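Data first, discussion second: the structure below is written as structure tokens.
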Amino acid sequence: YLQRNKPKLAVECFQEAITHSPNFLPGRLGLAKARRALGDLTGAEHCLLETLGRSPDSAAANGLLGSIYLEAGNISSAERPLREAIQLAPDSADFQCDLAACLLQLKRPDEAIGEFRRAVALAPGVFRAWYGLGSTQLMRKHQADAVESFGRALLIQPDSRECHFNLGRALCQLGDVDVGIRYFQKAFVAGLTELALDAIAAWVCAAPSA
């Protein structure tokens, strides 16, 4: 039911499953995911805390709890379960990306870069890892590195308007304004209209004449 976008029915099924088997971990994880899909982040959190009380070594439960804290804006609470999830499942690029996102919001970008680097090493085909790394590098004014990371991200997801836009920013900051504006134009074509138009207007005067 959850895969069919019917979270209410999924909640009922998972609740029935764990009523019959209280320690059934997949059922508890499924219930938390179904509650999240309904927008009930508090219910999902309570479900996961109860799950971790029964199965404290569940990497999936720790990682999902950290992700839900991030979604709820409870950033200070997210770091601990995410680090626990990584300790239990060190090969998970998803957990690494979530931890990096958490560290960024905690204003610790240098640590976030390290986590994103670990994520791309674990899963070089994951767009989110390369885009996050590029965004963090751009934030730290490592524009040349950001250009490389955004380029890798676009190989995976070539229609990402945000990635085109930020690659354009990095190129313009490096002084390659002509090429940067082309990426702003691609972002505009892909649908990122207002930001792309503002960026083109800001940089066009600095572009060298043909």
* Asked: Mean projection of the alpha-carbon convex hull of segment 28-76 over all orientations, in nm²?
  -> 3.0 nm²
* Asked: Taking the C-alpha atoms of segment 1-160, how large are the radius of gyration and the largest Cα-Cα span, Dmax, in Å?
  -> 17.2, 56
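Heavy atoms only, probe 1.4 Å: what % of the accessible area of segment 22-179 goes to carbon and sulfur, would you let me know? Please list the in-between numbers first.
On the way: 3650 of 7290 Å².
The value for segment 22-179 is 50 percent carbon and sulfur by accessible area.
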* Computed [θ] at 222 nm, helices only, for the chain once each DSSP H run of length n ≥ 4 contributes -39500 (n - 2.57) -> -24500 deg cm²/dmol
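So, in the chain, how many Lys pairs have Cα atoms under 27 Å apart, if the pair is 8 or more places apart or on different chains?
Working: 6/33; 8/33; 107/141; 141/186.
So the count works out to 4.
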* Taking 0.36 nm per residue of separation and subtracting the Cα-Cα distance, what length does fully extending residue 178 through residue 87 add? -> 28.2 nm
* Select from segment 135-177 those trypsin sites (Lys or Arg not before Pro) which occupy a DSSP coil region and have at most 11 other Cβ atoms within 10 Å, ordered by residue number. => 141
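Can you tell me the accessible area per residue over the chain, all protein chains present, probe 1.4 angstrom, in square angstrom?
On the way: 11150 Å² over 210 residues.
Heavy-atom SASA per residue in the chain reads 53 Å².
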* 5 Å-binned pair-distance histogram of segment 129-177 (Cα, whole percent) -> 5, 28, 37, 20, 8, 0
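The values are calculated or read from the model by the stated rules, or taken from the named source; none is laboratory data. Please read all numbers here as calculations on a predicted model, not as lab measurements. With ideal geometry, Cβ positions are generated from the backbone for all residues, glycine too; neighbour counts draw on all protein chains shown. Side chains are part of the model used for accessible areas, which takes the heavy atoms of the whole protein and leaves out ligands, DNA and RNA. Shrake-Rupley method; radii C 1.70, N 1.55, O 1.52, S 1.80 Å.
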